[in-house]
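Have a look at the structure below before the remarks.
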Amino acid sequence: MIWRLGTSVLRAAVIYSVIEAVAGSERVALVTTDLLASIGFKVELITFSKPDLKAVREFLRGSEGVNVTSLIPLRVPGLGIYQRVLTYTLSPRVGADLVVSVHGDLLPYRSSSRIPTIHYCHYPLAVVPRHRDLLGKYSSWPWRLYYEIYRAVSAPLAARAAEEGIVVANSRFVKALLKLSLGIDSHVIYPPVDLRDLLKIPLERDREDTILMLGRYSQEKRYEKALEIMKNLPSWVRLRIAGILTRSGLSYYRKLKKLVERYGLEGRVELLRNIPREKILELMARSSVFLHMYRGEHFGIAVVEAMAAGLIPVAWDFGGPSEYLPQENLFKSLEEIPEKILRALRASKSERQRIREKSLEFSEENFRRRMKTLINSLI
């Protein structure tokens, strides 16, 4: 089906701040772009700084009618959340029939008042209550100053975006925050998780008594708490942290290495960095438990990936994972974690199968179907 208005092919703009790799939020942007192209839209993917064009083109291979535009011709490292504001500030008025903004926070696009717009919100950082569990690293100095300037600029824009477009939350947790902060009702469409390789991992494979943690080396991941917990687990339990390490995370990574030595965990803990996807899959096949220490996680793509691979996740009862994990896999305090881990290590094949089946709800196919239904309602 080719989407047309009269005799003209419809045009769509997908807005994202920067694509340096195809991870969680980047995947939402690229799957949305591919979806729009596959149903006949001529799509312009607009980023703030120059994206990794090779990764983008490889992901969109076979997608016709997609043009990639960056607002500035350079790859800009850092700036983080400010790139979202700059995307709005520098954006030209686009000639499109639909705009889909997927850069993370709830911020408008310059043409949103005239064009049907979908705001896919990963987390409304600009307007959430100022609480440690909701601000994460931005609750402490000097990050707090960095955040407050962003909030002063972005909060009025978030309120405007909520009035001018359709808002989609990436979890019921985020939907509740949007309701609390802005008084709006939003749709919930869970992000697309690539499950294909993970579902091939055999559940009956012998697994080690090993805990796995995944994610970038950043203080909100609270890996240091996992090291403290290891001191209270039997000596035969191992922990592997496979994280993405960038320049901004170096000091945190070095802190973790020192803690491993201080706690005498050298033979039980591995701090792996920037390892390839094939190695990640191997670790998932060998490990038994997935520990997620980020309290207030927005959704938890890594948790869903672990479920698909047959690991038993253990996570906080506050945040996105609490929506889809069984109660026995959730903890309310750090003191509960060792018991939860030991129970998960004993999980049967049937329990791992149930966890895997639950992960199927978050497939790319389901994301595409729900987004297409929403697009149908606007065009």
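The values are calculated or read from the model by the stated rules, or taken from the named source; none is laboratory data. What you see is a predicted model, and the numbers here were worked out from it, not measured in a lab. So basically every Cβ, Gly included, is an ideal-geometry build from the backbone, and we count neighbours across all protein chains shown. In case anyone asks, the SASA skips ligands and DNA or RNA and just uses the protein heavy atoms, side chains included. Shrake-Rupley method; radii C 1.70, N 1.55, O 1.52, S 1.80 Å.
List of remarks:
- Between amide H atoms placed 1.01 Å from N, distances below 5 Å from R75 occur with K50, all of them 5 or more places distant or on a separate chain.
- Computed on the stretch 263-370, with alpha-carbon pairs under 8 angstrom and 6+ residues apart, the relative contact order is 24 percent.
- The magnitude of the dipole of the stretch 206-325, with charges of +1 and -1 set on the Cβ of Lys/Arg and Asp/Glu and taken from the Cα centre, is near 620 debye.
- A simple count of charges around R368, restricted to other residues whose Cβ falls under 15 Å of its Cβ and scoring Lys, Arg +1 and Asp, Glu -1, yields 0.
- Other residues with beta-carbon under 15 Å from the beta-carbon of G24 carry, at +1 per Lys or Arg and -1 per Asp or Glu, a net charge of -4.
- Radius 14 Å from Cβ of A159, net charge of other residues (Lys, Arg +1; Asp, Glu -1): 0
- Solvent-accessible surface (1.4 angstrom probe) belonging to D34, in square angstrom, nearest 10: 30 Å²
- Gain on full stretching of the segment that runs from R57 to H131 - 0.36 nm per residue minus C-alpha separation: 22.7 nm
- Here the chain is treated as a sphere whose radius is the Kirkwood value from Cα pairs; by Stokes-Einstein at 4 °C and 1.567 mPa s it diffuses with a coefficient of 60 µm²/s.
- Residues in the stretch 313-320 carry Karplus couplings, in order, of x, 10, 8, 4, 8, 10, x, x Hz; the curve used is 6.51 cos²θ - 1.76 cosθ + 1.60 with θ = phi - 60°, and Gly or Pro positions show x.
- Heavy-atom accessible area per residue - the chain, 1.4 Å, Å²: 44 Å²
- Residues of the stretch 144-174 with amide N under 18 Å of a point placed 7 Å along Cα→Cβ from Q219: 144-150
- Computed from the C-alpha gyration tensor, the three semi-axes of the ellipsoid equivalent to the stretch 245-379 are 30, 20, 16 Å, from longest to shortest.
- A simple charge model with +1 on the Cβ of Lys and Arg, -1 on the Cβ of Asp and Glu and nothing else charged puts the dipole of the chain at about 580 debye relative to its Cα centre.
- Report summary: the helix-based calculation at 222 nm, which adds -39500 (n - 2.57) for every DSSP H run with n ≥ 4 and divides by the residues of the chain, gives -11500 deg cm²/dmol.
- Rel. contact order, % - alpha carbon contacts under 8 angstrom, at least six apart, the stretch 99-181: 39 percent
- The label-point distance for N232 and E261, in a model that sets each label 7 Å from Cα toward Cβ, rounds to 2.7 nm.
- Site pair K332 and K200 shows an inter-label distance of 4.3 nm when each label is modelled 7 Å from Cα along Cα→Cβ.
- Positive-end extreme of charge dipole, the stretch 135-178 - chosen from A155, S139, L178 (charges on Cβ): S139
- Average Cα contact separation per residue, the stretch 146-255, under 8 Å, 6 or more apart, as relative contact order %: 20 percent
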